[in-house]
């Protein structure tokens, strides 16, 4: 291969790998001097020694891709940070709601206990009154009591 053909092969290899359509290397390989050399069918040293401008172009593209990925990841992290903040705020609100509910629950439990005690006292009083009522009804409905009161 002549100098122009080798340069053209390197340039085409860079283009194919960058566009995700390599012929020799696997699709999963990233742009690097080694992947370009393999795609072009030459050695790494050829790119380093005879085409330093293309080696620098590969490094720049690699760095650019890395920076772009870094920017995307930073944006994703910022979005995740905002989401975490929102979720923490929601969690804090839920915790406050839970505390308020616990206080109301404690008050209701106390009221329930007082009402149960009052209900027990009223039930006891009701039984006593039922007994008194039965006695009075018995006396009123009893024929003997009328006879005794007449005599």
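Bear in mind that the values in this text are calculations on the coordinates, not laboratory data. A quick note: this is a predicted structure, and the numbers were derived from the prediction, not measured. Note that we place each Cβ from the backbone using ideal geometry, even for glycine, and neighbour counts take in every protein chain shown.
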So, first residue farther than 13 Å from residue 36 by Cβ in segment 1-22, second residue assigned to a helix (DSSP H, G or I), Cβ within less than 8 Å, six or more apart or across chains; the pairs are 1/9; 3/50
**OP:** Might you check whether a residue that is part of a helix (DSSP H, G or I) and in contact with a helix residue (DSSP H, G or I) (Cβ under 9 Å, 6 or more places away or on another chain) occurs anywhere in segment 64-76?
**Re:** yes
